[in-house]
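Presented below is the structure to which this report refers.
The values are calculated or read from the model by the stated rules, or taken from the named source; none is laboratory data. Keep in mind it's a predicted model, so treat the numbers as computed, not measured. Methodologically, a virtual Cβ is constructed for each residue, glycine included, from the backbone with ideal geometry; neighbour enumeration extends over all protein chains shown. These area figures cover heavy atoms from the full protein model, side chains too; ligands, DNA and RNA do not enter into them. Shrake-Rupley method; radii C 1.70, N 1.55, O 1.52, S 1.80 Å.
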Amino acid sequence: MPKKEGLNVIPLIDIMLVLLAIVLSVSTFIAQGNIPIDLPSSESAQTEKEDKKIAVVINKDNEFFVDDEKVDEENLKERLNEIDSKTLVELKSDKNSKFEMFIKVIDILKEKNHENFAVTTLTK
């Protein structure tokens, strides 16, 4: 009597390796994330290594903070006009704040031709 042939698992292993490669490559794109509507994040976030930088934060109550010090709109313009145009300005805005407040900061920077700013987002 001839001996029965077993199940050939080599093609199954090949298919599983291809699926594993696909899952691993797709998971790296998922880990970088896209910009969802409810959470500010970015897939191209870069860390800037600047010696001089100023952080401008807008909280959910639409209040401005410059380097963790609360300032009103008039003082914000004065503070931003005092800085050098080569100083990096980090803009951080709460996802629940008004977009209008973010635009006000951008307008103040554009008025004095300050082009060195970065929008800070969360990365997952």
Exercise. In the list Leu76, Leu91, which residue meets the criterion of being closer than 18 Å to Asn59 by Cβ, surrounded by 11 or more Cβ atoms within 10 Å (Cβ to Cβ), more than 22 Å from the chain's Cα centre (by Cα) and of a type in the set (A, V, I, L, M, F, W, C)?
Worked result: Leu76
Problem set entry | Residues satisfying the stated conditions in segment 107-124, i.e. buried (at least 16 other Cβ atoms within 10 Å of the Cβ) and hydrophobic (A, V, I, L, M, F, W, C) | Ile108, Leu109, Phe117, Ala118
For this session: Determine, yes or no, whether Asn59 is modelled with pLDDT under 85 and open to solvent by less than 80 Å² (accessible area, probe 1.4 Å).
Result: yes
For this session: Kindly establish whether Asn8 is within 30 Å of Glu78 (Cα to Cα), modelled with pLDDT of 65 or more and polar (S, T, N, Q).
Result: no
Exercise. Quick one: is Ile103 among the β-branched types (Val, Ile, Thr), modelled with pLDDT of 80 or more and in a helix (DSSP H, G or I)?
Worked result: yes
